[in-house]
Each structure stands twice: as structure tokens, then as C-alpha cells.
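First up is the structure itself, then whatever we jot down about it.
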Amino acid sequence: MNQHIHCKSTPREIAPGVQWLGDCLAQHANGKIYHTYNAAYLVIGEEASLLVETGHPKDYPLLARQLEKVLKGQPPLRYLFVTHQETPHSGGLGRILEDFDDVILCGDMSDYHLAFPQFSHRMSALALGDTIDLGNRLFRVVEPVIRDLRTTWWGFDEKERVLFPGDGFAYSHYHEDGHCGLFAEEAVSLNIPEVSAVFADRALFWTKFTQMDLYADRLEKLVHELDVRAIGPAHGLPVIDPKTTFPKIKAGLIYGSSVPESGTETGPTRDKSST
């Protein structure tokens, strides 16, 4: 690792009572090393706390330490909301349910009872408009404009107007530029269209076969309707100034869907001088 890279670390508060947790995953593409977050977020009410996403299974030891730190002196963790069943979003839910006896799993509950029959009594199916009361703080299920799976739901913290869009704002970042742990507005060298294209190649390949500008327009309408003031995506850097950053995200979604696949690379970048 480059010793001169200075990255911020999570947990980091993105809005009052909303903590950004999780870690990066390195990806190789276009001869470069990109990092992508598998983030989780803790929403803290006056009576209960709610975790959005669990991150990748490899991240659970870190997530457990982060939860122990940010829950100290706070209302207990009572709810786990996962946007959908894909591994980077729900891969730690079994261990969350084992470690936190009172936690209720919330969202679309399709098939979870098959994987975790021992916890089927602690699952609560939610649908559009349903809310969870955390104590002077409501968490609402909202329209999942961009669905990675048909079972996808997005979440919204009504108190601080934070949107949790799962894969909706999915883009990588540059570890070498010290972007890890930064908000999107702080990562000044981040080329959002380029990193959106990289992520579309790796995880949202279907976006290359649809008219993505329609999704981008609907996403812009949702952000306006909800008066969103911060965004906590699973894979992109958190957005704390949507008015400034959303146009870049919208352009990135459309650009990423428009360019051909750049190919897949699973190993480290090769040193061409040695060949």
C-alpha cells in the first residue's frame, strides 16, 4: 500500500444520527485498481436503532466492531433493513440476527425463511409506504427506482431526509487519490461518469440494455419529491449536497449505460515493463 495515501475511515456521520459503516472492496478494471464500498448505515432514533444493509460477508468482523463503537450509549439495535437479497447487501444478516437477539429483519422477505428458518419468527415484510418508528424518527419504505432484483426496496429517514438507495447510486472511487472514507463532494478528482461505467460493467450490466435516461429522470423526480438532503448508497460515496452532486450522478448513470463493456479483469494490474 502507498504509505502517502491518507484515507478517512468509517464510522462517519453523514447526518445527525446517521452513521456510515462498512469497508471497501478492490476491483481491477481498465488497467487500474478501483475501490467500491459495501456500506451499511445506522439510523439512531430516541427509542431504537436501525441498520440499513449488512455489507459483504467478509466485512462482518469490521462491521461488528463499528456497531459496538457507535451503539455505545445509544438506543439498542432493533431493526435490520436490507434493500435486497444480493450478497453485498445482505451477506451478514445471519450473523446480525445471531448476535443481536431482539433485531427484526425488515424489507421484502422473499426466500429468507428458506435460508434462515430458525429466524423466520423475526422477519417482517414491508411494502411501499410502510414505516418503522424509531422514536421521534420514522424510517419509510420508498420507491426503488433502480432495482437490482425484483424484490428491491429503498429506505428513507424522514427526520434528516436521508435516502438509502441500495444500488441506485453505484460507482467506484480512486483509492490512490485518498477517496476512501470521503463524501462525494470531498473527492474532487472523482470522475463520476468513468467510475459509474466501471460499476455498470461489474454489477449492473442490465443498464446497458435499457433506456437509462428514463430511470435517471425518475430518480431526479424522487429526490425532489422527498426533498432529499443526503444520500447513503451501498456502493458509492455518500452524497451530502444533492443539489450539487445529483446532476453528476445522473450524467454518470446515463454515460455508464451507453459505453461498451470494457472487459473483465480479476487479477492485479500487470506490470507491462516486465513482459
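The values are calculated or read from the model by the stated rules, or taken from the named source; none is laboratory data. Keep in mind it's a predicted model, so treat the numbers as computed, not measured. Reconstructed Cβ throughout: ideal geometry from the backbone, glycine too, with neighbour counts over all protein chains shown. In case anyone asks, the SASA skips ligands and DNA or RNA and just uses the protein heavy atoms, side chains included. Shrake-Rupley method; radii C 1.70, N 1.55, O 1.52, S 1.80 Å.
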Rolling a 1.4 angstrom probe over the protein heavy atoms, how many square angstrom per residue are accessible across the chain? 45
Surface accessible to a 1.4 Å probe, K221 within the full protein complex, Å²: 110
Probe radius 1.4 Å, ligands and nucleic acids left out: which of R140, R229 has the largest accessible area, and how do the rest follow? R229, R140
Pairs on different chains or at least eight residues apart, Cα atoms closer than 16 Å: how many lysine pairs in the chain fit? 5
For the chain, how big is the tail of P(r) above 24 Å, as a whole percent of Cα pairs? 47
Obtain the nm distance between the two label points defined at S120 and T87 by a simple spin-label model: each point lies 7 Å from its Cα along the Cα-to-C-beta direction. 2.6
Rounded to 5, percent antiparallel among DSSP beta bridges of the chain: 75
Per residue convex hull volume, Cα atoms of the range 72-179, in Å³: 146
Could you give me the ³J(HN,Hα) list for the range 63-78, computed from phi with Karplus coefficients 6.51, -1.76, 1.60 and θ = phi - 60°, whole Hz, x at Gly and Pro? 4, 4, 5, 5, 5, 4, 6, 7, 7, 4, x, 10, x, x, 6, 10
Length-normalised contact order for the chain - Cα pairs under 8 Å, 6+ apart - percent: 20
What part of the accessible area of the range 148-199, given as a whole %, is carbon or sulfur when the probe is 1.4 angstrom? 52
Under 5 Å, built H, 5+ apart or other chain: amide partners of E13: W20
When all protein chains stay in place, what accessible area (Å², nearest 10, 1.4 Å probe) is found for H113? 90
Given Cβ point charges of +1 (Lys, Arg) and -1 (Asp, Glu) and nothing else, what value in debye, to the nearest 20, does the dipole of the chain about its Cα centre take? 340
Using Cα atoms only, what is the angle between the long axis of helix 242-258 and the major principal axis of the chain, expressed in degrees (0 to 90) to the nearest 10? 60
For the chain, any Cys whose C-beta has no other cysteine C-beta under 4.7 angstrom counts as unpaired, and these are C24, C106
